Amino acid sequence: MLPKTIEWLCEIPLMRLLDQRKIPTSIEFRDCRTYEETAAAIEDMTVRGAPAIGVAAAYGVVLAAHIDHSKIEDAFLRLSATRPTAVNLFWSIERMRLVYTEYKESPELYQMLESEALKIEREDREINRKIGESGQKILPEIATVITHCNAGALATAGYGTALGVLRAAKEAGKQIKVYADETRPRLQGGRLTAFELCEDGFDVTVICDSMAPFLMSREKIDAVITGADRIALNGDTANKIGTYGLAVSAKRHNVPFYIAAPISTIDFNCPTGEMIPIEERDHDEVRMAGSEIFVYKKAKVWNPAFDVTPAELITGIITEAGIFEPSHIKELQE
Ligand code: MRU
């Protein structure tokens, strides 16, 4: 069985995170007892993936409330400053803020914040099941799929978005072969997607990101399915760096390209992809493999963690409310 990405131990209280930086070499956990520790764990990618960081941030607010109610506002600020691209983080902090505003004078404040965080976690798992149910219908009985980064159980409260679609297809009796892009520079595909899908009995082949176009020219690929970190109102989608190139290749080879994401990943205040803030990370992620530096020291490095795939390259966005053409996601606004 897969280890849990996030576990809330209410009696202590603490949040136990699976340390995703160690997978697949070892299964280790990191305990967060404060909101500062939670923020550090999001920043250093102990926990990563848009829905998972949203859930972790919600528990970070609960940890702040447990220590000192006067620290809750600080927790909102600190947690919001951890990673800029995945909108689920801000969406989840906003849900916690609404509860805080309503109950800040009440003796039930801690209990109400904790119950909201638990609800965010539970809903994420339920939503992923629904994404899987609607998404699996796009796949034939025997299907070959390419995915990028990790949009699985490890990136969410469980089951996954893009990988949830694959899980649901397998549960429906379909035979699924998966190509996982290794996903330079942090290798979420090679480390995390390969780990969780192999542990679940999938047929998984890891490729370097640059191999995907050639693969599409040589083998019938039924679909590319990835997750998302933020979807703009016009359907432009930010996801892990390399997604855009994969979408261009898919278009070139007539392979349908799908995004699987909860509605909470749609930023209804963001008209187009140009407005999505893109996180730039430490250059050493590109310069180094493990402890070895392999980029020539005089060369500069650029390390955007995400890119934006234009809506016109996206066949459909798979959500808990069904599959939508990118130009129709506005209809999901409440
Ligand atoms: O930098 P990461 O590992 O947090 O990036 C994760 C991704 O880009 C995922 O594809 C995305 O968050 C969707 S996870 C369901």
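The values are calculated or read from the model by the stated rules, or taken from the named source; none is laboratory data. What you see is a predicted model; the values in this text were computed from it and never measured. Positions of Cβ are backbone-derived with ideal geometry, glycine not excepted, and every protein chain shown enters the neighbour counts.
Please go through the range 291-307 and pick out each residue that is out of contact with any Lys or Arg (no Cβ under 9 Å at 6 or more places or on another chain) and assigned to a strand (DSSP E or B).
Of everything in the range 291-307, just one residue is out of contact with any Lys or Arg (no Cβ under 9 Å at 6 or more places or on another chain) and assigned to a strand (DSSP E or B), namely GLU292.
Quick one: what pairs do we get from the range 267-289, first residue under 24 Å from ARG186 (Cβ atoms), second assigned to a helix (DSSP H, G or I) and hydrophobic (A, V, I, L, M, F, W, C), C-beta under 9 Å, 6+ apart or different chains?
Partner pairs satisfying both residue conditions: ASP267/VAL87; ASP267/PHE90; ASP267/TRP91; ASP267/MET275; GLY273/ALA311; ILE276/VAL87.
Could you say which residue among ALA151, ALA81 is within 11 Å of the ligand (Cβ to nearest atom) and touching a residue at least 24 places away in the same chain (Cβ under 8 Å)? Before the answer, list the steps.
Working: ALA81 fails: within 11 Å of the ligand (Cβ to nearest atom).
Only one candidate qualifies: ALA151.
Which condition does LEU166 not pass, out of (1) surrounded by 22 or more Cβ atoms within 10 Å (Cβ to Cβ); (2) touching a residue at least 60 places away in the same chain (Cβ under 8 Å), if it passes all the others?
Among (1) surrounded by 22 or more Cβ atoms within 10 Å (Cβ to Cβ); (2) touching a residue at least 60 places away in the same chain (Cβ under 8 Å), LEU166 violates only (2).
Residue-wise test of (1) within 16 Å of the ligand (Cβ to nearest atom); (2) among the acidic types (Asp, Glu); (3) surrounded by fewer than 18 Cβ atoms within 10 Å (Cβ to Cβ).
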| residue | (1), (2), (3) |
| --- | --- |
| ILE67 | no, no, yes |
| GLU73 | no, yes, yes |
| ALA86 | yes, no, no |
| LEU89 | yes, no, no |
| GLU94 | no, yes, yes |
| LEU98 | no, no, yes |
| PRO107 | no, no, yes |
| GLU116 | no, yes, no |
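From the list GLY190, GLY201, which one is surrounded by fewer than 21 Cβ atoms within 10 Å (Cβ to Cβ), away from the ligand (no atom under 14 Å from the Cβ) and in the same structural domain as ARG287 (by TED's automatic domain parsing)?
GLY201
Taking the residues in the range 207-246 that are of a type in the set (Val, Ile, Thr) and more than 16 Å from the ligand (Cβ to nearest atom) as candidates, determine which candidate is surrounded by the most Cβ atoms within 10 Å (Cβ to Cβ).
First, pick out the residues of the range 207-246 that are of a type in the set (Val, Ile, Thr): 207, 221, 224-226, 231, 237, 241, 243.
In the following step, the residues that additionally are more than 16 Å from the ligand (Cβ to nearest atom) were identified as 207, 221.
Values: ILE207: 16, ILE221: 22.
If we take residues in the range 207-246 being of a type in the set (Val, Ile, Thr) and more than 16 Å from the ligand (Cβ to nearest atom), then ILE221 is surrounded by the most Cβ atoms within 10 Å (Cβ to Cβ).
Of the residues VAL204, VAL295, only one is touching a Cys at 6+ places or on another chain (Cβ under 9 Å) and over 27 Å from ASN88 (Cα atoms); which? Before the answer, list the steps.
Details: VAL295 fails: touching a Cys at 6+ places or on another chain (Cβ under 9 Å).
After ruling out the rest, the residue left standing is VAL204.
Where residues in the range 279-334 are aliphatic (A, V, I, L, M) and over 30 Å from ILE138 (Cα atoms), which of them is nearest to the chain's Cα centre (by Cα)?
First, pick out the residues of the range 279-334 that are aliphatic (A, V, I, L, M): 286, 288-289, 293, 295, 299, 301, 305, 308, 311, 313-314, 317-318, 321, 323, 329, 332.
Next, only the ones that are over 30 Å from ILE138 (Cα atoms) stay: 286, 288-289, 293, 295, 299, 301.
Numbers: VAL286: 21, MET288: 24, ALA289: 23, ILE293: 28, VAL295: 28, ALA299: 31, VAL301: 25 Å.
The extreme case among them is VAL286.
Can you run down the residue pairs with Cβ atoms below 6 Å, 6 or more apart or on separate chains, where the first is in the range 95-106 and in the same structural domain as HIS69 (by TED's automatic domain parsing) and the partner is assigned to a loop (DSSP other than H, G, I, E, B)?
none
Just one of ALA86, ALA50, ALA57, ALA64 is more than 21 Å from PHE268 (Cβ to Cβ) and not assigned by TED's automatic domain parsing to the domain that holds TYR159; which is it? Give the derivation first.
Details: ALA86 fails: more than 21 Å from PHE268 (Cβ to Cβ); ALA50 fails: more than 21 Å from PHE268 (Cβ to Cβ); ALA57 fails: more than 21 Å from PHE268 (Cβ to Cβ).
Exactly one residue qualifies, and that residue is ALA64.
Give the residues of the range 42-64 that are surrounded by fewer than 24 Cβ atoms within 10 Å (Cβ to Cβ) and within 7 Å of the ligand (Cβ to nearest atom), sorted by residue number.
Scanning the range 42-64 gives a single hit, MET45.
Taking only the range 127-139 into account, find how many residues are within 15 Å of the ligand (Cβ to nearest atom) and of a type in the set (D, E, K, R).
Filtering the range 127-139 down to residues within 15 Å of the ligand (Cβ to nearest atom) leaves 127-132, 135.
Within this subset, residues satisfying the condition of being of a type in the set (D, E, K, R) are 129-130.
The qualifying residues number 2.
Hey, does the range 54-73 have a residue that's more than 17 Å from LEU118 (Cα to Cα), in contact with a helix residue (DSSP H, G or I) (Cβ under 6 Å, 6 or more places away or on another chain) and modelled with pLDDT of 95 or more?
yes
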